[in-house]
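All remarks here apply to the structure that follows.
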Amino acid sequence: MPDPTLRREHPTLAQECGLGRPRPPMLGWPADAHLAVAALAALPVWVVLGIAFGERIAAPAHWIGWLSLIVIQPAIEELVFRGVLQGQLLRLTGGRRLGPLTLANLLTTIGFAAMHLIAQPPGWALAVAAPSLVFGHLRERFGSVWPAIAMHAFYNAGFGLAAGLARS
């Protein structure tokens, strides 16, 4: 009979897809430095976007648009990209790194930016690469997709507010 202390448990598909509880807890005190930096880094970007492109970017006009921008899109995109795709790429690549980033995060970011080419001009689609790397890092740091969903929602909310304020 094999020694039970040597038994390796295989993660479930839900665990591979980051559907578990974030570890460390994402709302602990003091705040996780990576999460705080990711949130604070968005502020100057929103200001620049509002000033430079405010006339050309549209804020949602109705509550359903805001719901889509802040809840639906981040949840679906992060579950698909950071949850399923990045989770499986982490498993397949063994978490191999290229500098500070995992290969899984880089490949997921390429797919995420490519998906945005469907509805956005190339410059805007490429602009999602940096946030995508942040979301991927948070997914890996916390072992969960929930921090990536929360940060994506936060980024989208700020983008929508910057667009709305620039037009007023």
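The values are calculated or read from the model by the stated rules, or taken from the named source; none is laboratory data. A quick note: this is a predicted structure, and the numbers were derived from the prediction, not measured. Every residue, glycine among them, receives a Cβ derived from its backbone with ideal geometry; neighbour counts consider all protein chains shown. What goes into the accessible areas is simple: the full protein's heavy atoms, side chains included, and nothing from ligands, DNA or RNA. Shrake-Rupley method; radii C 1.70, N 1.55, O 1.52, S 1.80 Å.
Expressed as a whole percent, the accessible surface of the chain that belongs to carbon and sulfur atoms is 72, based on a 1.4 Å probe. Take the Kirkwood radius over Cα pairs of segment 1-112, plug it into Stokes-Einstein at 25 °C and 0.890 mPa s, and you get 140 µm²/s for translational diffusion. Modelled this way, with points 7 Å down the Cα-to-C-beta line, the labels at Leu40 and Leu161 are 1.7 nm from one another. Taking Lys and Arg as +1 and Asp and Glu as -1, the other residues whose beta-carbon sits under 15 Å from that of Leu79 total -1. Can you tell me the accessible area per residue over the chain, all protein chains present, probe 1.4 angstrom, in square angstrom? Heavy-atom SASA per residue in the chain reads 61 Å². Rg over Rh for segment 53-168 works out to 1.01, using Cα positions for both radii and the Kirkwood form for Rh.
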